[in-house]
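Participant: Shown below is the structure under consideration.
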Amino acid sequence: MLLHASLAKTKHNHYRMMGSFQGVDLGEYDDGEGADDLPEEVLAAERAWQERKKQMLVDENAAVKAEMETFGLGYSKG
């Protein structure tokens, strides 16, 4: 996969150079790493999970702690 990505970027840069000879700007290579293809509901669930995780680290609430221990996070706050 890394070889394919490298070859695609090289090919794009070659076409960009050839296009510049004709006055066409193709722009920077977009490898898609900045784009997030996940649906909004999945992203919202991930944000909610991160918030609960932060709350567990800060809060001493036994119910929240018991919920987090079921996921086996592998650490204890001491």
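Participant: For the stretch 58-67, which positions are part of a helix (DSSP H, G or I) and either at pLDDT 85 or above or loosely packed, with under 11 Cβ neighbours inside 10 Å (or both)?
Facilitator: Val58, Ala62, Ala63, Ala66
Condition check ((1) surrounded by fewer than 11 Cβ atoms within 10 Å (Cβ to Cβ); (2) in contact with a strand residue (DSSP E or B) (Cβ under 9 Å, 6 or more places away or on another chain); (3) part of a loop (DSSP other than H, G, I, E, B); (4) charged (D, E, K, R)) across all residues:
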{"site": "Ala5", "(1), (2), (3), (4)": "no, no, no, no"}
{"site": "Lys9", "(1), (2), (3), (4)": "no, no, no, yes"}
{"site": "Met17", "(1), (2), (3), (4)": "yes, no, no, no"}
{"site": "Asp25", "(1), (2), (3), (4)": "yes, no, yes, yes"}
{"site": "Asp31", "(1), (2), (3), (4)": "no, no, yes, yes"}
{"site": "Glu41", "(1), (2), (3), (4)": "yes, no, no, yes"}
{"site": "Glu46", "(1), (2), (3), (4)": "no, no, no, yes"}
{"site": "Gln50", "(1), (2), (3), (4)": "yes, no, no, no"}
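Participant: Can we say Gln55 is modelled with pLDDT under 85, part of a helix (DSSP H, G or I) and surrounded by 10 or more Cβ atoms within 10 Å (Cβ to Cβ)?
Facilitator: yes
The values are calculated or read from the model by the stated rules, or taken from the named source; none is laboratory data. Keep in mind the model is a prediction, meaning the values are calculated, not measured. Neighbour counts are summed over all protein chains in view; Cβ atoms, including those assigned to glycine, are modelled from backbone coordinates with ideal geometry.
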